[in-house]
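Chemist: Below is the structure I would like to discuss, written out as structure tokens.
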Amino acid sequence: MDIPSKHVFDALMDKGIDELHHANSVATACQFLRSRSLLSRGTVERLGITQTPQSSDDLDKRYGIWFDVFADSVDIHNRARRANAYGPVLFVFNTELINRSYTGRIWVTKLNPTKWSGKSEKQRWFQDKKDLEDNITKGTFDQMLVFRHCGGELPFKKFLKRIVLDDPQRTSEEDVDFYSMAVGALKLAMSYSNLDIPIERRVCRLGCKCNDNYGEDDERLYMMFDPKI
Ligand SMILES: [Zn+2]
């Protein structure tokens, strides 16, 4: 169910959600910076540019959300104290972004699409302003903003405030530090589009498991950090 963006904006601000988040791999984040927009998975695929495969891709296609752009109300890495499955680059936006979305209407999930099987529309999506006011809560992973019918491309204009980048504290086979490699790639991508967004090295909460997560799977580490993959 689509809801006027003003209603979504008001509900989020009421709950103290003044920042929105989008996590992705270094390679895909570079594409976003070059195009000054968040792009849907479908759009990135159609353009024939690189993107990191995600386990939810088949599901997204099945549910018709492959051309939609997603944003989280929460920094999942920080809250869950683990690496974000979508990638080590976190874009942090001013919530104002949604007020300026040119679609004018936004969808908000109640459940992550990975849990949609057997659920009704009402269980999958927030229905209206009152539903948002009653049930949206800060820090709930399942509640995602979905920009549909935006042509798969959401310009973020001046609303991208900063980029938080994970440091896996590891080096490639050529002995290149993954964090430095990622910073270099993101800065190069910004130079193409005259952006100068601050990049912060993520400071983890005590007990964060991200370092273990990045050590579990070398192939995935490369997929997430190598700007060329
Ligand atoms: Zn961490």
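Please treat every number below as a calculation from the coordinates, not as lab data. These figures come from a predicted structure and were not determined experimentally. Here the Cβ is made from the backbone with ideal geometry for all residues, glycine too, and neighbour counts use every protein chain on show.
Chemist: In the calculated pair distance distribution of the chain, what percentage of Cα-Cα distances lie above 22 Å? Mind showing how you got there, number by number?
Modeler: Values: 13303 of 26106 pairs.
Above the 22 Å cut-off, the chain has 51 percent of its Cα pairs.
Chemist: With θ set to phi - 60° and the Karplus curve 6.51 cos²θ - 1.76 cosθ + 1.60, what are the ³J(HN,Hα) couplings of the stretch 122-129 in order, to the nearest whole Hz, using x for Gly and Pro?
Modeler: Taking θ as phi minus 60°, the curve returns 5, 7, 7, 10, 4, 9, 6, 4 Hz for the stretch 122-129.
Chemist: Spit out the partnerless Cys residues in the chain, using Cβ distances under 4.7 Å as the pairing rule.
Modeler: That list is Cys30, Cys150, Cys210.
Chemist: Place a +1 charge on the Cβ of each Lys and Arg in the stretch 46-152 and a -1 charge on the Cβ of each Asp and Glu, then give the dipole magnitude about the Cα centre in debye, rounded to the nearest 20.
Modeler: 120 debye
Chemist: By how many degrees, 0 to 90 and rounded to 10, does the Cα axis of helix 26-35 deviate from the longest principal axis of the chain?
Modeler: Its long axis makes an angle of about 60 degrees.
Chemist: Continuing with this model, one more query. Roughly what would the spin-label model give for Leu206 and Arg148, points 7 Å off Cα along C-beta, in nm?
Modeler: 4.4 nm
Chemist: Working out 0.36 nm times the residue gap between Leu47 and Leu188, then minus their Cα-Cα distance, what length gain in nm do you get to one decimal?
Modeler: Numbers: separation 141, 0.36 × 141 = 50.76 nm, distance 2.02 nm.
Gain in length upon complete extension: 48.7 nm.
Chemist: Spin-label point model (7 Å from Cα, Cβ direction): what's the Asp128 to Arg220 distance in nm?
Modeler: Distance between label points: 4.2 nm.
Chemist: Contour minus end-to-end for Asn112 and Lys157, with contour as 0.36 nm per residue of separation and end-to-end as the Cα-Cα distance? Working shown, then result.
Modeler: Details: separation 45, 0.36 × 45 = 16.20 nm, distance 2.70 nm.
Length gained between Asn112 and Lys157: 13.5 nm.
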